Each structure stands twice: as structure tokens, then as C-alpha cells.
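To keep things clear, I will list the structure first and then write my remarks on it.
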Protein chains: 2
Amino acid sequence: MFKLIKQDGNARRGTFETVHGTVQTPVFMNVGTLAAIKGAVSTMDLKEIGCQVELSNTYHLHVRPGDDIVNQCGGLHKFMNWDRPILTDSGGFQVFSLAGLRKIKEEGVYFNSHVDGRKIFMGPEESMQIQSNLASTIAMAFDECVALPAEYKYAKDSHERTIRWLKRCKAEMKRLNSLEDTINKNQMLFGINQGATFDELRIENMKQIAELDLDGYAVGGLAVGETTEEMYHILDVVLPFAPKDKPRYLMGVGTPQNILEAVDRGIDFFDCVMPSRNARHCNIYTEKGYMSLKNEKFKTDMDPIDPDCQCPTCRNYSKAYIRHLFKANEMLAMRLCVIHNLYFYNKLTENIRKAIEEGKYKEFKKEKLEIYNSRI
Amino acid sequence: MFKLIKQDGNARRGTFETVHGTVQTPVFMNVGTLAAIKGAVSTMDLKEIGCQVELSNTYHLHVRPGDDIVNQCGGLHKFMNWDRPILTDSGGFQVFSLAGLRKIKEEGVYFNSHVDGRKIFMGPEESMQIQSNLASTIAMAFDECVALPAEYKYAKDSHERTIRWLKRCKAEMKRLNSLEDTINKNQMLFGINQGATFDELRIENMKQIAELDLDGYAVGGLAVGETTEEMYHILDVVLPFAPKDKPRYLMGVGTPQNILEAVDRGIDFFDCVMPSRNARHCNIYTEKGYMSLKNEKFKTDMDPIDPDCQCPTCRNYSKAYIRHLFKANEMLAMRLCVIHNLYFYNKLTENIRKAIEEGKYKEFKKEKLEIYNSRI
């Protein structure tokens, strides 16, 4: 289903076919944790800003409204009125980052809900069942996301358990896709590479999961405390062992700079809450540099954030107006900034695709890094 | 500038020409206190839901961002990107309802800002200057909104002072409209009828302000604690003395039922925060009755709020989805509900206009009152 159109160095230009349409890669997925983008951005807005894939969170939707509810509503696509691809994470990361007291056992994880404290058990089978209920386009494997820095012994045990879990995920997904009542019988499964910051564990892990012939491969457990250099190093080390004919997804990353570097190492899929979270604090990405709209100097600045930007915010509203909305605590400020920042990320990957097609990725990256490292 | 097209009983179907376009009356103005509709609704959204006139608040904009800032940005229309009529209230109501310690003198009112406590003075001239700075289409006279119930003596003194203030407003507006730097040299002025709940004061007041030949006349000081019957009674008593060839505006009112009754008594303009405020608490107006979307029974209800409603919310999203968004504290819930409720109010006045044109207003009112008094 993944087709490599063009390679420029290690940077890959591809297409990924799904039952909900074809994804042009590299792609940045727009995060709507609870089946909605933060900042009152609707799926109508998402279409206008060029979002290709929406990402929702298995754990959050399991807690609220419940995957059984979403299933009774016809699955996530119908529930949120979005007809393009949706990727659901497995809940693994949230279990390890959000939930209260937890116990990791061979069968899965026992933990408390972060909303009402009730006891929840989630293992590979449960994660697949929830994601099958949600009927996303792409399901993620249930993994353990090890906190960094990690002990070698713990990381090794964890990577081995995560592979055993991955095999159970694959079997369960196959079973679920064959059931008559399943909404999306073509649900795809991406495996997740783990191994903390240990090169040999990462490689060993990737070699083993590559053999499982999954629909795609993610690199997980990064952007959780390691340095940027460590992250790039792991990509350098592990990606040569990822199947060439499958998409590679760097989970939860990152800044525009991170994306440029990761594409250069062969990553195809990205997701991150950064553009929308920063937007909600008035921090804005532009093709001229990073900026804070709160700055006094924009008080009467009637130009858009970026006159060359074609997003609905820049086509209609000025810096002075958006700054006022922020100062006055008007929700519209957040919406306009989230729209702009997500458009920026979506456009960035569009430009990345073009640069790879033209065989100019290295120059493109160099030029863009300089801009994105500057502030205006 | 006001043209009466058709009268049906006391209900009036008219047009009101302004430099920013023609308003079809009766009209419901959509309230954007701080130059933005609460709930992240943009002016693009406003156009889609049939908003004819946007209403912003002089006092609030004077405090944040400052009318000088809005003026430097080219006036409210340019500032908020809205090319249809804007009405600004005078600040009078906010001074009396929001501000801290205040002293009313012949020259105006001394009070403290509700945001930072700083001392502010506002009199008729200041209010006109601020509104001229904002460059709205219609400015409202600076009045005293007397708290109800009021003493006769106080109400009489206040109504007389408000008339003296109105004359000063008119003179100042004339002066401001003649200045070279004024952005909207055709800014219109509406007078405001006061007199608390005393019939003879209300009538005396209306007679006197009618002589000033203003662009329109508002009935103020209502919906502040009196009963609905008292409000209708005042309209019955005072409207016969309002000029027939000028629009009449009932300030801050109200429920759909209030609007139906007030139109039947000859009111042309309305504004109210109720549809957007209720929307933010999930309380929804429909042509089948009033409802709370929080209701458990909508948990898996994939129908829109109202299948016959053509608003962007009903065309795209289900009750189950919006209910989930509310429960999950997603801002999008508010936006979708504000859009629906404002569309409902805008559509209501559109249907009112049609009923008057067809000479069927009484039947229309009766039928609609029954629906709007019911809950679903």
C-alpha cells in the first residue's frame, strides 16, 4: 500500500493508500486527542488547512465518551464527520504518561483512569479491540514507552515484552478484521520500535518487528527527555533496518527543525501537539521565523501574521486583532492561531514533498533550518 | 434611511440603509462584546449564519484594546474584518452594571474600570468620541440605565438628565462627523428612551427625544429585573409616541418569545447575549422546542440538533458528537452550539419578516410561541 515515488538521499517521497484515501508522504498528522482539534477547530476547518490525516487517542476516547459509544455511532469517521484517514495511537503512551499507579504484567497494564480514578486494564488485545471499535484507518500497536534515561536491563526486558505484545496485537487485529460486525475490516496495524537509547536494542527490535510484515513501522519512545542529537542518532542507527517498502512514523515529533532532520533520515509520518499547543499560547510559526503575537509591537499592526501565508487566518485577520483577542481572553484567538500553525505544518510537509520530488532536499533543508531557527 | 415596507397590525417590515449596507428589519443583532463573538466564532462564520448587524461594546473596547488602538487600526470594521453594519452601545449600561464605585454628575459618570480598577470618566461627549474612534455604523446615546425597581423621584431626575445628555450626544456626534480625520463621517445616532417603569415618564421621555430627529430610537432600561408583562406594557405604552419613520430598537432583549411579542408591538431591532450564553451551556433553541444537549438520551444520537436546520453545525455534526465535546470540555462544543443558536435567532427574524410580508404575523406568532414554550 506504500509506494516510494522518489528518494533524495535518505528523504522519501511516497504515497500510502488506505480505504479512506491516499496519503501523500512525508505527512504531518493533525492531533485531535478527543476526536476534536483543541481550539474549536472543526473538521471543516481541517479540510481548509490541508490536513491529510487526523490522529485521535485510544486511551482518551476509551475513557470519554467510551469506544463502545463511538462504535454505536458508526465509528470515529462518522462520529466526528471526517472522511479522510484517521490514525489512533494504542493508548500505550498515555497509560505510561498520564495514568496514576500502574502495574505492568505480561498480560498488559493495570492502571487508574486519569479522569475518575477507576481501575482499567489494557493489554494488546484490549487496545486492538478499542481501536477496532473506533474503526480508525490505522491502529498502533500496544507498546511500553520506557521513560528516559533507562537502565539497560529494564529496556531489554521491555523491548522483548513489547515484541511479544506486538505479535498478540497482530493476531488480535487479524481476528477483529474478520468479524462481521467490525466497521473497518481493513484496519491497518503499525508496529512500534522501542529500545530506549541503546543502539543494539533498537536495532535488534527493528529487525524482529520488520519480520512481522506490518502495514507500517513507527519509531516510538523518543521526544520524551533525550537530547535532539540522541534522537537523530537513533534514527540514523535504526532506520537502515526498517523495511524500505513500508512507511516509517516518528511518533510525537516535533519542531519544524526536527521534521526537516527526520525526513532527511527517512521518516514519512509525523504527529505532534506542538503546533496547536504553541498556538494556544500565541506562539506562531512563520516562513520568516518564530514569533510571539503577544508582543507589544504588534498592537496596531494590521498586516496578517504572514502576508505570503494562504491560511484562513492570514487571509482574513491581522496581528493587531489577534493580539487583542488574546489579551481579552477571547477563544477566537486560539482558534485563529491553531489554524495558522497547523496550516504551517501541513504546508511545510507539502513543500518538503516538492523539494524531494525536485531532488533538492538538502538545499531546501538548509535554507529552512536557518529561517526556523530565527525569531521575529 | 428607514423605509417601512409593510405593516401587519403593529408589526413592521422595513429596510434600514446605512453606509455599510441595507439592514432588513426586524433584525436580531449578534453580540460580539469585545469585537469577537464568544465561542471562537469568526466573522466568516457570522456571514455563513446570516448575521446582518454585529454589536460591540463601547465600554469594553475602550478598556481593551482601547478605542485609540482600534482607530489607529482603521476602525472596528477593518479591525475585526466585518464589512456589514456594526452597532456600538454607548457604554452607559456597562458603566452602571459592571463598573465599581461610581459617581453620577451632570457632566457624566466617574467610575473604576472592571479590569484594572483605574479611574475612568465618561460623559456624553466621551462616549461619542469613543464610538467615533471605533467608527461603528450606529452609535448609541450615552444614557443612565436606572436599576429596577426605581423611586419615582430618582427615575424622573434621571430621565431629564438623560435627555440633556442626549442633546449633548447629538451635538458632539455632529461635530465629530464633520472632522476631517473621522473614519465614518456618516455615523448615525440612536436615542434611548428611559423612565423606569413609570408610564408617564416613559411617554414624556419618548415625546421629547422624538423631537430631536435622531436616526433611530431605542427602548432602554428593560430586561433588568422587571417582569415580562411590565416590559410588554411599557412597549404598549411608549411605542405609539415613537416616530413611525424611524427604526425602534429594544435593547438587550431577549428570548424568542420576547422577540415575537415585541415585534408584534412594533419593535424593529434586537440584541441579546442569551443565544450565545445559553449555547455555551449546551442549551439549544430549535424549531421543535428548547433542549439541553447534555441529556444522557443523546449519547448515541447521530441525528443533527434539528434535521431541518441549515446551519453549519446541523449540516455537519450530530447531537452525540456535540454532547461528547461538551463532556470532554472541548471548545469546539461551544463554537458549534453558538453557531446553531445564532443561526436560529437570525433565521427567526427572517421568518418574522416573511410572515409580516404575507400579512400572517398573528398566526405565525401564535404557532411559534407554542413551539418555543416547549422542551424536547
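What to note about this one:
- Residue B:199 falls short of the stated requirement of being surrounded by 23 or more Cβ atoms within 10 Å (Cβ to Cβ), farther than 23 Å from residue B:79 by Cα and of a type in the set (D, E, K, R).
Yes/no matrix, rows are residues, columns are (1) in contact with a Lys or Arg (Cβ under 7 Å, 6 or more places away or on another chain); (2) touching a residue at least 12 places away in the same chain (Cβ under 8 Å); (3) of a type in the set (Ser, Thr, Tyr); (4) on the phi > 0 side of the Ramachandran plot:
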| residue | (1), (2), (3), (4) |
| --- | --- |
| B:35 | no, yes, no, yes |
| B:48 | no, yes, no, no |
| B:59 | no, yes, yes, no |
| B:67 | no, yes, no, no |
| B:74 | no, yes, no, yes |
| B:80 | no, yes, no, no |
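- Some residue of segment A:251-269 being in contact (Cβ under 8 Å) with a residue 60 or more places away in the chain and out of contact with any helix residue (DSSP H, G or I) (no Cβ under 8 Å at 6 or more places or on another chain): yes
- Among the residues of segment A:352-376, those identified as within 16 Å of residue A:270 (Cβ to Cβ) and charged (D, E, K, R) are A:353, A:365, A:368.
- Test: residue in segment B:193-202 that is outside any helix (DSSP H, G or I) and in contact with a strand residue (DSSP E or B) (Cβ under 6 Å, 6 or more places away or on another chain): yes
- Any hit, segment A:320-330, residues being over 23 Å from residue B:63 (Cβ atoms) and not small (Gly, Ala, Ser): no
- Only listed residue being under 26 Å from residue B:336 (Cβ atoms), outside the structural domain of residue A:252 (by TED's automatic domain parsing) and either aromatic (Phe, Trp, Tyr) or out of contact with any Ser or Thr (no Cβ under 7 Å at 6 or more places or on another chain) (or both), chosen from A:353, A:315: A:315
- The listed residue being more than 30 Å from residue B:280 (Cβ to Cβ), among the basic types (Lys, Arg) and modelled with pLDDT of 95 or more, out of A:335, A:353: A:353
- In segment A:1-101, counting only helices (runs of 4 or more DSSP H) that sit wholly within it, the ones holding 1 or more residues that are at the interface with another protein chain (Cβ under 9 Å from one of its Cβ atoms) span A:43-48, A:58-63, A:67-72, A:76-80.
- Residue satisfying condition, being in contact (Cβ under 8 Å) with a residue 60 or more places away in the chain and charged (D, E, K, R), within set A:156, A:244: A:244
- You will find that of B:352, B:305, B:376, the residue that is crowded, with 24+ Cβ neighbours inside 10 Å and touching a residue at least 40 places away in the same chain (Cβ under 8 Å) is B:352 and no other.
- Residue check for residue B:119: within 12 Å of chain A (Cβ to nearest Cβ), surrounded by fewer than 23 Cβ atoms within 10 Å (Cβ to Cβ) and over 22 Å from residue B:252 (Cα atoms): no
- Verdict on residue B:339 being under 27 Å from residue B:53 (Cα atoms), in the same structural domain as residue B:361 (by TED's automatic domain parsing) and more than 24 Å from the chain's Cα centre (by Cα): no
- Only one entry in A:179, A:189 is touching a strand residue (DSSP E or B) at 6+ places or on another chain (Cβ under 8 Å) and modelled with pLDDT of 95 or more, namely A:189.
- With a requirement of 2 or more residues that are more than 30 Å from residue B:14 (Cα to Cα) and either aliphatic (A, V, I, L, M) or within 14 Å of chain A (Cβ to nearest Cβ) (or both), the helices (runs of 4 or more DSSP H) lying completely within segment B:252-342 that satisfy it span B:312-316, B:319-327.
- Single residue of B:141, B:135, B:171, B:150 found to be on the phi > 0 side of the Ramachandran plot and either among the hydrophobic types (A, V, I, L, M, F, W, C) or touching a residue at least 40 places away in the same chain (Cβ under 8 Å) (or both): B:135
- Count of segment B:119-171 residues, restricted to those that are β-branched (Val, Ile, Thr) and part of a helix (DSSP H, G or I), is 3.
- Within segment B:131-172, tally of residues that are surrounded by fewer than 19 Cβ atoms within 10 Å (Cβ to Cβ) and within 22 Å of residue B:17 (Cα to Cα): 0
The values are calculated or read from the model by the stated rules, or taken from the named source; none is laboratory data. On a predicted model such as this, the values are computed, not experimentally measured, just so you know. Note that each Cβ is placed from the backbone with ideal geometry, even for glycine, and that neighbours are counted across all protein chains shown.
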